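Reading through the structure tokens given below for one structure.
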């Protein structure tokens with residue numbers, strides 16, 4: 001083997017190291033043979049690809065205009081491997097071209113591309129002259145990986161948790177309610193008549209969160225409860241499974257489980273006869289209940305009106321339900337979460353809320369619907385420690401954006417964005433503070449009932 | 001079970017108590033629940049105390065003598081006993097009409113009632129082990145986790161999904177080997193599955209069926225621990241036919257949904273969705289919620305979908321006691337309505353509550369909320385002449401001649417008995 005070939009081989013091995021470190025992928029590959037790979041790929045493409053796949057594949061003219069849209073491409077010196085079209089070439093195109101006769105080595109890279117180098121952020125869709133939905137093609141690749149049993153370990157574990165408990169972090173039913181009681185008790189030190197209403201049939205609002213909130217971000221429940229209380233909201237939370245609106249199954253390609261989760265969530269809200277679901281500051285969960293999971297269940301839109309926190313907070317301000325007491329004077333910048341900005345158009349409402357509480361807001365560019373992803377979304381951060389560096393290195397453009405603002409505070413109304421940006425801030429020594437909208441509102445709103 | 005014919009069915013309005021009535025010094029009263037016989041209204045009460053949190057229940061304004069650190073989930077049993085989940089010294093129990101069960105637990109939740117026998121059960125956690133307690137008696141064996149409890153019709157048994165094996169953190173391989181089963185009164189089946197969901201008893205309480213996954217991709221139904229032979233793309237909750245003991249469940253094939261009976265298709269998979277199967281008591285009629293086209297929802301009876309549909313969603317499906325009629329509430333353009341026997345009644349509302357059939361199956365009533373928040377009762381398509389601040393689901397007299405309206409009206413909880421002929 002020539003020196004160049006050896007060096008190339010070593011470089012590829014280096015690139016794939018996170019996959020080697022992931023038993024979910026490697027042990028899954030051990031069980032596969034060529035015939036199974038070919039059968040599963042072809043069955044999935046035939047049964048689920050349909051006209052949409054055909055159109056997306058045959059429309060692409062390989063112009064590469066999608067490339068500059070991708071933070072991975074921009075962060076890797078414009079390496080074509082990381083261009084959206086390059087990712088499709090390394091995944092679904094090759095499966096189609098070879099009619100499913102692909103090697104295990106190919107699948108290693110395909111899993112890596114699909115699960116850790118694409119956030120399904122859909123920025124590239126906007127830059128494609130034909131609007132080709134690369135995220136759909138990558139999701140289809142993940143679906144094939146799911147059926148082959150080679151999904152990364154940590155996100156697979158969250159999918160298992162969803163299936164067993166209807167929440168993504170193995171939170172048991174008593175732990176959930178007990179966490180709410182704990183936050184309610186804590187809050188009564190500040191607001192003596194504070195309540196987190198449970199199982200209140202006929203309330204206006206069903207407030208739902210993702211499982212990381214009771215698990216390790218309980219302050220968000222506290223803050224949301226205080227905001228609800230001070231706003232005089234008629235609200236409730238559920239004590240039964242269904243309270244978690246998150247959905248890693250959507251990202252692993254376990255669509256049957258995605259449908260089960262969304263059915264549970266919506267039916268739990270309908271059980272309590274609420275008018276709307278207000279959900280915490282999470283992007284992917286919004287995508288699942290507003291766009292993806294609901295449709296798998298055959299709901300054309302949403303069986304219960306869904307309102308993201310950004311939208312809800314803007315409503316509270318607009319209607320005068322909450323009032324600003326103090327404003328942040330430090331320089332603040334805004335990160336736009338893909339699923340609620342490109343996916344829902346909440347960029348102006350987000351700015352209305354941030355500007356209401358912050359005097360010195362500086363934008364990072366590109367922003368709003370042209371924002372760069374946090375590189376944690378799309379289930380990438382949920383693939384766990386082996387792949388952490390992939391998403392950090394793959395988003396130096398976000399680090400540059402953040403640095404250039406000179407801001408000391410970043411507002412990111414999304415859990416995954418928080419995880420991703422926190423890592424970027426830390427790895428790049430940016431020294432910035434990261435906040436949810438709830439953090440800011442809770443701290444700077446008027447609280448007439450507080451002692 | 002208290003005989004409903006002994007309840008006061010004399011026509012007329014009875015003022016039970018002022019909504020905010022409280023015999024003690026209460027800081028606040030929480031959301032009300034009302035008894036099936038309409039005679040009682042109960043609310044969790046926070047007692048004013050400078051030193052510590054003190055809670056109890058107010059029933060028709062009278063506070064229980066016993067007080068607790070916390071009370072939640074007040075619920076009336078079918079025979080109108082008031083239950084609540086209460087804690088003392090950080091230990092929890094269920095309290096019935098002010099009397100706590102003797103046993104204490106780390107936590108207690110999800111109170112369940114048998115329809116006829118008077119049995120009361122709840123999920124409990126003790127020392128991070130999970131099980132159920134019925135009428136004060138806990139299961140003999142507890143588990144690492146439990147979910148999806150169901151009580152047998154006579155209240156003698158509780159079945160639940162149980163986790164029978166420990167799954168170390170992020171151990172996806174142990175999970176895939178199958179760590180879940182179903183336990184009946186604490187005794188697990190002899191077989192594990194990757195997942196179990198939604199167990200259900202047969203009419204006699206002798207058999208249990210549940211939806212299972214045998215791998216991440218293969219769904220089927222297991223009856224008393226034995227899985228059907230075939231595997232399907234996805235399946236929903238099973239139901240026993242009360243007439244012959246067969247088991248049905250909706251299954252997915254080729255992206256469409258149909259109904260299976262004992263592992264054979266009885267409704268070909270042609271629906272965009274199919275769930276919530278429900279039998280008539282004699283097993284002759286099988287109803288289910290279906291979406292015959294994408295985003296259009298209705299009821300199918302023995303495989304044939306109704307013509308009337310809702311555009312957005314459907315919620316509670318209710319079958320008449322004689323099994324020949326059905327009603328479903330649903331939503332179109334953000335407004336709720338009702339379809340009864342494939343006829344959509346006039347009227348759209350901000351909210352609709354589950355339909356109720358009279359014992360003779362001739363009448364249907366349901367509670368609705370208007371856009372201004374006022375509520376009333378609709379009976380056979382006709383609204384009661386008056387709106388209320390709040391109204392609970394209507395209750396029919398056993399002879400089907402009267403309907404009881406339980407409502408908040410002008411700050412007073414009332415019980416109004418109306419002859420159906422005068423509605």
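What follows is calculated from the coordinates using simple rules that are stated; it is not laboratory data. It should be emphasised that the depicted structure is a prediction, and the values quoted were computed from it without experimental measurement. Quick reminder, even Gly has a Cβ in these numbers, built from the backbone with ideal geometry, and neighbours come from all protein chains shown.
If R0 is taken as 60 Å, the Cβ-Cβ distance between residue A:105 and residue A:315 corresponds to a FRET efficiency of 0.70. Choose one answer from B:163, B:335, B:273: the residue with the largest mean-square fluctuation in a GNM of chain B with alpha-carbon springs under 10 Å. Sorting by GNM fluctuation, first place goes to B:335. Full extension of the chain between residue B:190 and residue B:226 yields a length gain of 12.0 nm, computed as 0.36 nm times the residue separation minus the alpha carbon distance. Sorted ascending by nearby beta carbons within 10 Å, beginning with the fewest, A:326, B:83 become A:326, B:83.
Placing dummy labels 7 Å off each Cα toward the beta-carbon, the span from residue B:20 to residue A:370 is 5.7 nm. Nearest 10 degrees is fine. How inclined is helix A:415-427 to the longest principal axis of chain A, computing both from alpha carbons? Rounded to the nearest ten degrees, it is 70. Partner shielding of B:172-179 amounts to 4, given as the average count of beta-carbon atoms from other chains within 10 Å of each residue beta-carbon. Could you tell me whether segment A:79-237 comes out rounded, prolate or oblate from its Cα gyration tensor? Rule is a ≥ b ≥ c as square roots of the eigenvalues, rounded for a/c under 1.5, then prolate if a/b exceeds b/c, otherwise oblate. Note, shape of segment A:79-237 comes out prolate. Using only alpha-carbon positions in segment A:303-408, the gyration tensor eigenvalues give semi-axes of 27, 20, 12 Å once each is multiplied by 5 and square-rooted (largest first). Calculate, for residue A:301 and residue B:127, the FRET efficiency according to 1/(1 + (r/R0)^6) with r their C-beta to C-beta distance and R0 56 Å; round to the nearest 0.05. According to the calculation, E is roughly 0.75. On the basis of the beta-carbon distance and an R0 of 25 Å, residue B:49 and residue B:103 show a calculated FRET efficiency of 0.40. Between the Cα long axis of helix A:173-187 and the first principal axis of chain A there is an angle of about 40°, rounded to the nearest 10. Sorted on the mean count of surrounding Cβ atoms within 10 Å across their residues, most packed first, peptides B:284-291, B:75-82 read B:284-291, B:75-82. Shown here are the Rg and Dmax of the Cα trace of segment A:70-172, at 15.1, 48 Å. If a/c stays under 1.5 just call it rounded; otherwise compare a/b with b/c (prolate if a/b is bigger, oblate if not). Do that for chain B, with a ≥ b ≥ c from the square roots of the Cα gyration tensor eigenvalues. Because a/c hits 1.5 or more and a/b fails to exceed b/c, chain B counts as oblate.
A simple spin-label model places pseudo-atoms 7 Å from Cα toward Cβ; at residue A:33 and residue A:408 they are separated by 6.5 nm.
First check a/c for segment B:359-423, with a ≥ b ≥ c the square roots of the eigenvalues of its C-alpha gyration tensor; if it is under 1.5, answer rounded, and if not, answer prolate when a/b is larger than b/c or oblate otherwise. Note, shape of segment B:359-423 comes out prolate. Remark: the residue A:331-residue A:426 segment gains 32.3 nm on full extension, using 0.36 nm per residue and subtracting the alpha carbon distance. What do you get for the angle between helix A:255-271 and the principal long axis of chain A? Use alpha-carbon atoms, 0 to 90 degrees, nearest ten. Relative to chain A, helix A:255-271 is tipped by roughly 10 degrees. Helix content alone sets the calculated 222 nm mean residue ellipticity of chain B: runs of n ≥ 4 DSSP H residues at -39500 (n - 2.57) each, divided across all residues, give -500 deg cm²/dmol. Remark: relative contact order (segment A:332-444) = 32 percent; criterion is Cα-Cα distance under 8 angstrom and separation of 6 or more residues.
Helical content of chain A, expressed as a calculated mean residue ellipticity at 222 nm, amounts to -15000 deg cm²/dmol (DSSP H runs of 4 or more residues, -39,500 (n - 2.57) each, divided by residue number, nearest 500).
Counting neighbouring beta carbons within 10 Å and listing from fewest to most, the residues A:187, A:309, A:103 come out as A:103, A:187, A:309. Averaged over the residues of peptide B:121-129, the number of Cβ atoms from other protein chains lying within 10 Å of each residue's Cβ is 1. For the pair segment A:426-451 and segment B:331-358, the centres of their Cα atoms are 44 angstrom apart. Counting 0.36 nm for each residue step from residue B:362 to residue B:156 and taking away their Cα separation leaves a gain of 71.0 nm. Ratio of Rg to Rh for segment A:12-150: 0.95 [Cα atoms; Kirkwood radius as inverse mean 1/r over pairs].
Counting Cβ atoms of other protein chains within 10 Å of each residue's Cβ and taking the mean over peptide A:165-174 gives 4.
When the Cα convex hull of the protein assembly as shown is projected onto planes of every orientation, the mean area is 36.3 nm². Evaluated at 4 °C with a viscosity of 1.567 mPa s, what Stokes-Einstein diffusion coefficient in µm²/s does segment B:224-295 have when Rh comes from the Kirkwood expression over alpha-carbon pairs? It diffuses with D of about 105 µm²/s by this estimate. Extending 7 Å from Cα along the Cβ direction at residue A:17 and again at residue B:27 yields two label points whose distance is 5.7 nm. Arranged from fewest to most other beta-carbon atoms within 10 Å of their beta carbon, A:249, B:26 become B:26, A:249. DSSP bridge analysis restricted to chain A gives an antiparallel fraction near 5%, rounded to the nearest 5.
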